[in-house]
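J.: Quick one: the structure is below, and I'll ask about it shortly.
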Amino acid sequence: MFGDERRKRINLGGVPTATSHIDILDAAKARREERINAKRRQDSAAIIQAWWRAMVAATIVRRELRAAFDSGSAGEPVSWTRCLVFGGISEDRLGSWSAVMTRDNYSALIQPFQSAANESWLVLVRRVSALLVQSIASAPESQYALTHMSLLNTLLSQSDMQKLLSDIGPQISRSVSDYVCARDFVQLIATAFNRISVSSRKSPSLPPLSVLSTRPFAIYSPTSAEYTTLQTQFLQHIMALPLLPNRIPITSIGAFTHSIPLTSLETVDSATLVNSLPPLTRVHVLANLSTFMPVARYETLAKQSLQAYLNLLNVLVGSLPPTSLEEPPAQATIAIAREIDSDDEYTAPDPSAGMTGSLLRQIDGKTATRINNLLAQAHLRALLKLGDRVPGVYALLSNACALWPGSRRRILGEAVAQGGGELVKTLWRAFVRASPIGRDVDARLLTDPGNASHWPPFIFLLQVYTQMLLTMGDEEFFSAPGAPRNPLTLDEVAALSKKALNVAFMLYWNEDQTDVKEGFVPGLSMRWEGVRADSTLFLQSVHARDSRRQFTPQDHWLLTSQIDVASFVEAAVIEDTELTLPDAIQPRKRQIAFMSPRLGVLHNIPFSLPFEVRVSIFRAFIWNDRRRLGFDDRYHGHGTRRIVIRRDRIAEDGFDHLNDLGPALKGSLSIVFVDQFGQEEAGIDGGGVFKEFLTSLSKEVFNADRGLWLTTSQHELYPNPMSIATEPHHLNWYRFVGRILGKALYQGILVEVAFASFFLAKWLSKQSFLDDLASLDRELYNGLIFLKHYQGNLEDLALNFTINEDDFGVTRTIDLIPNGSNIPVTRENRLQYIHLVCHHRLSRQIRKQSTAFFEGLSEIIDPKWLRMFNQQELQILVAGVNADVDIDDLRHNTNYGGVYDDNEETIVAFWKVVKSFDATQKRQLLRFVTSCSRPPLLGFKELVPLFCIRDSGNDQTRLPTASTCVNLLKLPRYKNEHVLRQKLLQAISSNAGFDLS
C-alpha cells in the first residue's frame, strides 16, 4: 500500500552518523602516537646497535690492552699503567703493578713525575691508588696486600714523598689523598680491619694497615673541612669497630694512639655523629675512646680540645638508654639496694626492667671492661680535677649517673670524697649562683637554648650536695663551733633551695607532662624527669634540716602566689577520688606526678603549700573516703559494731576484738566498757566513749614497758630492734598498733605519743641519715663523725664492712654488703661505710617491725595521703602541736549546759581565770577535759564533740570534774573568783574528779 519498502530510506532530518568529530580526532591522535613509537623503537634499536658495536670494540681494545700489559715492560710506566687502568683490573695484574712500583726505591713510580707526562701520570696513579684500597678491603691478607699497603703508605706520606720528590712530593701526596678519601677510603679500611679475625693479632697485614688508617690526617690542617670530614668518618667506621684495641698489634699501639684524631675534635658535630650510629655501635665507640684516650693525656690537651673530647663522651653516654650497660644484680644485691633506696623513687629503675643490660648482653667482656673504665676511680678523679677548667665535665658526670644508676652512689661519693666542700663551693659560686636557672617561676627558662651551659653545673651541684647531706650531721650543716663547716653558708643553701624549688614546681605544675617525661634538658642528654627527681631529693633533704631548725626566711618554701589554693584543694580531692575508684589501677608515686600535677606537688614538694592547707586536704581525703564507704557521720554509720571492753584489759580486748577487722576498722564502733565487777557501764557511746577507749588503748600499746617499743635519748619511740620483736606474734601486735593509730588519724583524735624521726621516715618511705643516728646511739654517731674526718691511716683502725649486734647478750657480726668481712674500710669508701652503718641501725634492724606497723596503718590511711607531710608534720598530725592554747578560740567554740551561757557570772570569771594561766596550766586544763593537752590542728572548731561547760551545783567546796569522753567540764557555780581559781588548779593538777557521769 505504501510502495516498495525495500527501497533505501534517506534521512533528510540531519540526524548525525555513527562516527563523530571526536572519534575522528582520537583516531588521528592514535596514528600520530603510533608513528612516534615506531620512530622511538627505530632510534632505540640504533642506539643499542651502536652500544653493542662499542662494547664489542671496547672488549677488543681491553683485550689488547691486557695483552699489552702482560707482555709490556715497566720501562714505559705511563703506557704500561694506562693499559692496566683501561684494560681491566685483576688482582694479579694489580699485584704486579705494585711490585714494580715499589722496586728500586720506587724508581718506576718517581720517574714519570719528572717527565713531561707528569700530569697524566698523576691521574693514573690516583686511579690505581683507589683500586689498591678496594683490593685491600676485599682481601687484606692476600699475597699482594702488604705490597699494596707499602705503596699506599708511601704515597699518602708527605714526608716520604718529599724525600723522593723534593719539589712536588707533598702536592702529589695531597692529591692522591683527596682522591682516595673522596672514594670511601675510611669505610674501606674499616672493612679491611673487619675481615681480619680479632684472634689474628699477629697477622702481618695489621701493622701497615693500622699505619694506613691514619695516614691522611697528617696531610690536612685540623681546622680544614677535609680534616673534619675525615675525623667524622674515622669515628663512624674505624672507632666503631668492636675490639679495635685488640686488632692493633702491640708494637703498633703507641704510634696508632698518637696518630688517631682525638686531640682536635673541636669541629666535629658530636650530636649529628652520634645520631648517625645505632646504639650498639655507640657502645663500641665509647669503649675504644676510653682505651685510646687514657687519663694521663687529659692534662696534656688544650682546654678547647679537652672540652671537645669530653663533649663527645658526654653525647655518647647521654644517648644510651639508662641501665642498658648495667649488669642485672644478684637477688641479694637487689634486696639490699631496694631496702636502702626504699625512699627514693628517682634512683635506679627496677633491675628487672627490660632495658637493664640490653646492650651489655650484646658485647664481649673486654668491651664491657673498657666501658667500665669510664667509672674507674682514676678516671672519675681526673674528671673532677678538670671541673674548674672544663665545665663540660659536670654534664658528663650527670649523664653517667643516669646511664649507670647502680653506680650513681659511687660516682657522687667519689665527687664528695675527691672534691668535697671545694667542689660544692666552686659549683655554686662560679656557675650556679648567678645563672638564670630557677631565678623565677617561668617555664620559658626551662627550654631556652641560651641556658644550655647553665644546666649541667646546676644539676650536678644538686646531686653532689644531696649525696653530701647523707653523711653530714646537723652540727656540720649548721656549722656549730668545733664541728667541720658546711661548704655553703646557710644563706647560700637557702638561695640554692629557692632555685631548685622554682624548677621542681615548674616541672610538677606543667599540665602537659609529656614534655617532662620525654623532653630533654638543653645542654644535656638528660630528660626533664631526671631534673625533677634530683631537685626533689635535694629539696626534701634541705627542708628536713629546716624543719628541725629553721634557717630559711619566713614563707621561704611557699608558692601560694603561683596557686589558687581554693581551686587547688578542690581539684586535688577530685583527682585523688579518680585514682581510688574501684576499677582504677593504683599508680606508683612517679606515675601520679605525670597523671596529676596537683598530687605531684602534694606528694613530692608538699611544703610549697601551708601546713594548714595540707591538713584540710588530708581531712577532705578522709571525708571523701568515708562518703565512698557509706558512713554518714564520724562515729555512726551503717552497721555499727558493738565492742565490749574490760577496763582492766583494754589492750588485750582491743587486740582480740579489733585486730581481725582490718580495713573494716574504718567503720563505726560502739564501745561498751565493763568495770572490775563485770558490769557494763551505763551510757551511750556518741563518740566520746570511743575517743576515751582509743586514748586509753594508745597509752597502753605505746607503753615502752610492753617490749614493743624503745625510746631514744629524747624519749621518742621506735620499734624494738631485738630479734624477739620480729616473731610472728609481735609482728601482729605491730600491725594492730598501726591500725589503731590509723583509726585515730581517721577519726581526727590526737594521741599524745612522740615517735623518733627516723621511724616516722619509714611511714613516708624515706631514708634516715647520719644526723638521725645521734638521737639513737650518740656513741656510734660520734665514732662515725670521727671516722668521716679522720686524717690518719684508716688501716690502723682495722675496720671492715660489718657491724656487731648484741641480742640478749649474744653478739652477732652482720655483713653490711656481701662479703663485707673481707672488704676493708678505706679513705675512698668510708662514706659508703658510714651510710651503710646508719642505714643498718636506723632502718635494717627495724625493717620487719616497721613494715608490719605500716601494713596496719595503710589499711586505714592511704599512704599517699601521708606523703603530704614530713616527719615533723606527721608528728603534729598524730599528737598535735605543743603550742600555747588559744583561749579566745576555745571560748569561741565552747557549748554551755544547765544554767550557763557565755555571759553568766561564773563563766565570765572562769574565762578570766583561764586566760591568766601560764602555758603549762592551760595544757593541764585541756588534758583534764579532753584527755589531750594539745589543741586540734585546725583550731577548736575541729574538736569533736566541742568543748562544753555545764554547771554542777552550788557546793563551793566541790572540785570541778570532767567527762573526757564528751569533752565536758562540770563546773560548780563558784561565787568567788579566787575560789574558782584555787579549785580549778587543784582539779587539773591532780586529775581529781574524773568520772563518766
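J.: Would you mind getting me the FRET efficiency between Ser713 and Asp886? Use the beta-carbon distance for r and R0 = 30 Å, nearest 0.05. Numbers along the way, then the final one.
T.: Values: r = 32 Å, r/R0 = 1.06.
Plugging the Cβ-Cβ distance into 1/(1 + (r/R0)^6) gives 0.40.
J.: Report P(r) for the stretch 822-946: all Cα-Cα distances, bin width 10 Å, range 0 to the bin holding the largest distance, values in whole percent.
T.: For the stretch 822-946, the binned pair fractions read 10, 26, 22, 17, 13, 8, 3, 1, 0 percent.
J.: Any aspartates and glutamates with Cα under 19 Å of the Lys915 Cα? List them, leaving off those in the same chain fewer than 8 positions away.
T.: Candidates past the 8-residue exclusion: Asp884, Asp886, Asp888, Asp889, Asp901, Asp902, Glu904, Glu905, Glu977.
J.: With +1 assigned to the C-beta of every Lys and Arg and -1 to the C-beta of every Asp and Glu, and no other charges, what is the dipole magnitude of the chain about the Cα centre in debye, to the nearest 20?
T.: 3340 debye
J.: Moving on. Rank His454, His978, His892 by accessible area, highest first, at a 1.4 Å probe radius?
T.: Values: His454 50, His978 130, His892 150 Å².
The ordering from most to least exposed comes out as His892, His978, His454.
J.: Over the chain, average the accessible area per residue using a 1.4 Å probe and give it in Å², no decimals.
T.: On the way: 44930 Å² over 997 residues.
Per residue, the chain has 45 Å² of solvent-accessible surface.
J.: How far is helix 847-860 tilted, in degrees, relative to the longest principal axis of the Cα atoms in the chain, given as a value from 0 to 90 rounded to the nearest 10?
T.: Tilt of helix 847-860: around 70 degrees.
J.: Right, next: Using only the alpha carbons of the stretch 457-563, determine the length spanned along each of the three principal axes and report them from longest to shortest in whole angstroms.
T.: Each principal axis gives a Cα extent; for the stretch 457-563 these are 49, 31, 17 Å.
J.: Report Rg(Cα)/(2.2 N^0.38 Å) for the stretch 193-331, keeping two decimals.
T.: Ratio of Cα Rg to 2.2 N^0.38 Å: 1.08.
J.: Along the charge dipole of the chain, Cβ charges K/R +1 and D/E -1, which of Ala725, Val689, Phe292 sits furthest on the positive end?
T.: It is Phe292, whose Cα lies furthest towards the positive end.
J.: Asp442 to Leu280: extension gain in nm, 0.36 nm per residue of separation minus the Cα-Cα distance?
T.: 54.5 nm
J.: Also: So what does Val908 come to for accessible area, using a 1.4 Å probe and Å² rounded to 10?
T.: Its heavy atoms expose roughly 70 Å² to the probe.
J.: Answer with one residue from Val78, Gly95, Val176: the one whose Cα lies farthest towards the positive end of the charge dipole of the stretch 60-270, charges on Cβ with Lys, Arg +1 and Asp, Glu -1.
T.: The listed residue farthest towards the positive side: Gly95.
J.: Let me ask something additional. Grab the beta carbon distance between Asn373 and Ala218, set R0 = 35 Å, and tell me the FRET efficiency rounded to 0.05.
T.: The computed FRET efficiency comes out at 0.80.
J.: Kindly rank 541-548, 430-437 from highest to lowest mean number of other beta carbons found within 10 Å of each residue.
T.: Output ranking for 541-548, 430-437: 541-548, 430-437.
J.: Run the numbers on the stretch 430-546 and let me know its relative contact order in percent, using alpha-carbon pairs under 8 Å that are six or more apart.
T.: Once divided by the residue count of the stretch 430-546, the mean separation gives 34 percent.
J.: Quick check on the chain: helices-only [θ] at 222 nm, where DSSP H runs of length 4 and up contribute -39,500 (n - 2.57) each and the sum goes over total residues. Nearest 500, please.
T.: Values: 46 runs with 534 residues, N = 997.
About -16500 deg cm²/dmol.
J.: Once the piece of chain linking Ala182 and Ala480 is laid out straight, how much longer is it, given 0.36 nm per residue of separation minus the C-alpha distance between them? Before the final figure, lay out the partial values.
T.: Numbers: separation 298, 0.36 × 298 = 107.28 nm, distance 6.85 nm.
Answer, rounded to one decimal: 100.4 nm.
J.: Show Tyr144, Tyr508 ordered by accessible area, largest first, where the area counts protein heavy atoms only and the probe is 1.4 Å.
T.: Tyr144, Tyr508
J.: Starting with the highest mean, order 22-35, 197-210 by the number of other Cβ atoms within 10 Å, averaged over the residues of each peptide.
T.: Working: 22-35: 10.0, 197-210: 16.3.
Those peptides, ordered most packed to least, come out 197-210, 22-35.
J.: Given H placed on each backbone N at 1.01 Å, which residues far from Ser670 in sequence or on other chains put an amide H within less than 5 Å of it?
T.: Under 5 Å from the amide H of Ser670: Arg641, Arg642, Ile643.
J.: Return the Rg/Rh ratio of the chain with Cα-based radii and a Kirkwood Rh. Don't jump to the answer; show the numbers that get you there.
T.: Numbers: Rg = 43.0 Å, Rh = 35.8 Å.
Taking Rh as the inverse mean 1/r over Cα pairs, Rg/Rh reads 1.20.
J.: Okay, next question. Given the C-alpha centroids of the stretch 233-299 and the stretch 765-791, what is the distance between them in whole angstrom?
T.: Each part's Cα centre sits 45 Å from the other's.
J.: Still on this structure, I have one more. With the crude spin-label approximation of a point 7 Å out along Cα→Cβ, what separation in nm comes out for Gln676 versus Trp52?
T.: Roughly 12.9 nm, to one decimal.
J.: Moving on to the next point. Longer than 21 Å from Cα to Cα, which of Lys691/Lys766; Lys762/Lys848; Lys425/Lys498; Lys922/Lys983; Lys766/Lys848 are they? Say none if no pair is.
T.: Lys691/Lys766
J.: Continuing with this model, one more query. Would you grab the residues whose amide H sits under 5 Å from the one on Ser952? Only those 5+ places off in sequence or on another chain, please, with H modelled 1.01 Å from N.
T.: The answer is Leu971, Arg973.
J.: Would you work out the relative contact order for the stretch 27-108, in percent, from Cα pairs under 8 angstrom that are 6 or more residues apart?
T.: 21 percent
J.: If you average the sequence gap of Cα pairs under 8 Å that are 6 or more apart and divide by the length of the chain, what percent do you get for the contact order?
T.: 7 percent
J.: Report, to one decimal in Å, the Kirkwood hydrodynamic radius for the stretch 887-990 based on all distinct Cα pairs.
T.: Kirkwood radius, the stretch 887-990: 13.5 Å.
J.: Could you state the principal axis extents of the C-alpha atoms in the stretch 608-764, from the largest down, to the nearest angstrom?
T.: Over the stretch 608-764, Cα extents along the principal axes are 50, 42, 26 Å.
J.: I've got another one for you. Dividing the alpha-carbon Rg of the stretch 29-110 by 2.2 N^0.38 Å yields what?
T.: In units of the globular-protein estimate, the stretch 29-110 measures up at 1.86.
J.: 7 Å from Cα along Cα→Cβ at both Asn895 and Thr851: what's the point-to-point distance in nm?
T.: 4.7 nm
J.: Could you give the length gained on full extension between Ser199 and Asp70, defined as 0.36 nm per residue of separation minus the Cα-Cα distance, in nm?
T.: Computed gain between Ser199 and Asp70 is 42.6 nm.
J.: Cα axis of helix 303-319 to longest principal axis of the chain: angle in degrees, 0 to 90, nearest 10?
T.: It works out to around 70 degrees.
J.: Report the one residue of Leu375, Phe460, Ala504 whose Cα lies farthest in the direction of the positive end of the charge dipole of the stretch 357-515 (charges on C-beta: Lys and Arg +1, Asp and Glu -1; origin at the Cα centre).
T.: The one lying farthest along the dipole's positive direction is Leu375.
J.: Could you calculate the FRET efficiency of Asp656 with Ser723 from 1/(1 + (r/R0)^6), where r is the beta carbon distance between them and R0 is 22 Å, rounded to 0.05?
T.: Efficiency for this residue pair is about 0.30.
J.: Rounded to whole Å, give me the distance from the Cα center of the stretch 919-993 to that of the stretch 694-737.
T.: 32 Å
J.: Along the three principal axes, how long is the stretch 60-270 when you take its alpha carbons, biggest first, rounded to the nearest angstrom?
T.: Computed over the stretch 60-270, the largest-to-smallest principal extents equal 50, 38, 30 Å.
J.: Another question, if that's okay. Can you give the Rg to Rh ratio of the stretch 703-879, both from alpha-carbon atoms, with Rh computed by the Kirkwood formula?
T.: We get a ratio of 1.01 for the stretch 703-879.
J.: Probe radius 1.4 Å, ligands and nucleic acids ignored: give me the carbon and sulfur share of the accessible area of the chain as a rounded percent.
T.: Accessible surface attributable to carbon and sulfur in the chain totals 52 percent.
The values are calculated or read from the model by the stated rules, or taken from the named source; none is laboratory data. Bear in mind the structure is a predicted one, so any value in this text is a computation, not a measurement. As a convention, Cβ positions derive from the backbone with ideal geometry for all residues, glycine included, and neighbour counts pool all protein chains shown. Accessible surface is based on the protein model in full, side chains and every heavy atom, while ligands, DNA and RNA are left aside. Shrake-Rupley method; radii C 1.70, N 1.55, O 1.52, S 1.80 Å.
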